[in-house]
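First up is the structure itself, then whatever we jot down about it.
The values are calculated or read from the model by the stated rules, or taken from the named source; none is laboratory data. Everything numeric here is computed off the predicted structure, so don't read it as measured data. For neighbour counting, all protein chains shown are included, and Cβ atoms are generated from backbone atoms with ideal geometry for every residue, glycine included. The accessibility values were calculated without ligands, DNA or RNA, using every heavy atom of the protein model including side chains. Shrake-Rupley method; radii C 1.70, N 1.55, O 1.52, S 1.80 Å.
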Amino acid sequence: MALLPILCYPDERLHTVAKPVQAVDARIRKLVADMLETMYDANGIGLAATQVDVHERLIVIDVSEQRNDPMVLVNPEIVWASDEKQVNDEGCLSVPGIYDGVERSTSIKVRALDGEGNERVVEAEGILAVCIQHEMDHLLGKVFVEYLSPLKRNRIKTKMLKARRETARP
Ligand code: K1U
Ligand code: ZN
């Protein structure tokens, strides 16, 4: 297994629209293992392939307390979303240190393939529903800060670019 570098906002590659996974084969199983290792290492509860510069429709999630209940969703599609919505604070491994409120459906139903290529339907609510919607946005090239006001987004962009310059400094 390997730790993968995570793209940081405002990297343009985060705005790439992912293509469907053609087959859950050895390459995808290795990518899943690497993404899970990367997500756990970064203390995240989710990770989309887009964030590791792979533009295929694949996400990994683990919202369990023990960090031992990974979920793999290949080619996920939302087949139902509740009209009821709620604002929750979100974070993102591609926008480190930034947390802000985003309005999302409180319950969703998602059809996807699992890590073995078997079709499954997931009914999600609470933090799992929030996380799946956040990760599926990544697959469409959307980062959660795009839900915020232009003023907030520009401040975040400036902060991230400054942090990048400072890390690059010798
Ligand atoms: O997509 C990502 O970068 C992962 C992201 C998932 C996420 C967290 C919170 C709400 C929606 C989506 C993270 O894991 S951010 C870091 C984190 O561990 C975290 C932040 C807030 C609550 C719980 C966990
Ligand atoms: Zn994210």
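Quick notes
- Tallying residues that are touching an Asp or Glu at 6+ places or on another chain (Cβ under 8 Å), surrounded by 15 or more Cβ atoms within 10 Å (Cβ to Cβ) and not small (Gly, Ala, Ser) within segment 89-102 yields 3.
- Residues in segment 31-89 that are more than 16 Å from ligand 2 (Cβ to nearest atom), out of contact with any helix residue (DSSP H, G or I) (no Cβ under 8 Å at 6 or more places or on another chain) and part of a loop (DSSP other than H, G, I, E, B): Ser64, Glu65, Gln66, Asn68, Asp69, Ser82, Asp83, Glu84.
- In summary, Glu119 fulfils each of the numbered conditions (1) in contact with a strand residue (DSSP E or B) (Cβ under 8 Å, 6 or more places away or on another chain); (2) open to solvent by less than 20 Å² (accessible area, probe 1.4 Å) with the single exception of condition (2).
- Among the candidates Arg67, Arg153, Arg111, Arg165, residue that is open to solvent by 10 Å² or more (accessible area, probe 1.4 Å) and within 23 Å of Asp41 (Cβ to Cβ): Arg67
- Within segment 98-122, residues that are without any contact (Cβ under 8 Å) to a residue 40 or more places away in the chain and in a strand (DSSP E or B) reach partners that are open to solvent by 80 Å² or more (accessible area, probe 1.4 Å) and more than 16 Å from ligand 1 (Cβ to nearest atom) with beta carbons closer than 6 Å, at six or more positions or on different chains, in the pairs Lys109/Trp80; Lys109/Glu123; Arg111/Glu77; Arg111/Val121.
- When the test is whether a residue is in contact with a strand residue (DSSP E or B) (Cβ under 7 Å, 6 or more places away or on another chain), basic (Lys, Arg) and within 16 Å of ligand 1 (Cβ to nearest atom), Arg111 does not pass it.
- Being open to solvent by less than 80 Å² (accessible area, probe 1.4 Å), within 13 Å of ligand 2 (Cβ to nearest atom) and β-branched (Val, Ile, Thr) is a property that Val145 has.
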